[in-house]
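Read-outs throughout are calculated quantities, based only on the coordinates presented, and are distinct from any laboratory measurement. Just so it is clear, the model here is predicted, and its values are computed rather than measured. No Cβ is skipped: glycine too gets one built from the backbone with ideal geometry, and neighbour counts run over all protein chains shown.
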Amino acid sequence: MSLYSLEELDLLPVVLLKEYAYCPRYAYFQFRVGGEYATPSMLVASELGAPDFEVPDGWEAYRSVYVKSRALGLHGFADAVLKRGGLVRVVEAKALTRVTRRSLFGRARHVLVQAVAYALLAEETLKATADAVIVLGSEGRVEVRVTPALRSYVVSLASSMRRSLASPEPPPRVQSWKCGYCYYRRLCRQLMP
């Protein structure tokens, strides 16, 4: 049973965009088929909750903030939002993940997509400008500026995801190291290509 319906294409969860950035086919199956899937690390992370972090001087911190964007067609709960005047920064916590600047632009790109998407939603919700995102990992924090290129990438990805989810056919299959860990690997193989 799918967690979503085609009528819900109006406002999709940011978590689905994160999955789409990880693997478009995974997001498609999550949208179309559903299924509860939690890895052991996800369960441990949920038990730990959001880690504490030092709030920079002059910033106000709000935890578990609901944000949405009609323009992007996305919504969700940001782990934390920092606000100072007309600026916002989103804090995304990945308690068990080792994040580095390099990993956020490579193997953990989906985490960066999630954080930037929340930042864009926070802009629209709070009527402020997102200048950076902060990703808290198992070994510290990484701050990334929200550049025009990152904005454009996330907007493009959201649009691409929306088209993909509306299609009756799944995106093309891509063989990857991620496949061995995937909840949908058997279904994916059956529905080649």
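Below is a table of values for the structure above.
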{"read-out": "Cβ crowding within 10 Å averaged over residues, with 136-147, 74-85, 57-68 ranked highest first", "value": "74-85, 136-147, 57-68"}
{"read-out": "For the range 94-193: rounded, prolate or oblate by the Cα gyration tensor [a/c cutoff 1.5]", "value": "oblate"}
{"read-out": "Förster radius 41 Å - calculated FRET efficiency between ARG189 and PHE53 (Cβ-Cβ, nearest 0.05)", "value": "0.50"}
{"read-out": "Share, in percent, of DSSP beta bridges within the range 12-190 that are antiparallel, nearest 5", "value": "70 percent"}
{"read-out": "Distant-in-sequence amide H partners of LEU74 (H built 1.01 Å from N, under 5 Å)", "value": "LEU12, SER69"}
{"read-out": "Karplus-derived HN-Hα couplings along the range 163-173 (A = 6.51, B = -1.76, C = 1.60, θ = phi - 60°), whole Hz, x at Gly and Pro", "value": "5, 4, 5, 7, 7, x, 9, x, x, x, 7"}
{"read-out": "Karplus-derived HN-Hα couplings along the range 92-98 (A = 6.51, B = -1.76, C = 1.60, θ = phi - 60°), whole Hz, x at Gly and Pro", "value": "10, 9, 10, 4, 9, 9, 7"}
{"read-out": "Summed residue charge, Cβ within 12 Å of LEU150's Cβ, Lys/Arg positive, Asp/Glu negative", "value": "+2"}
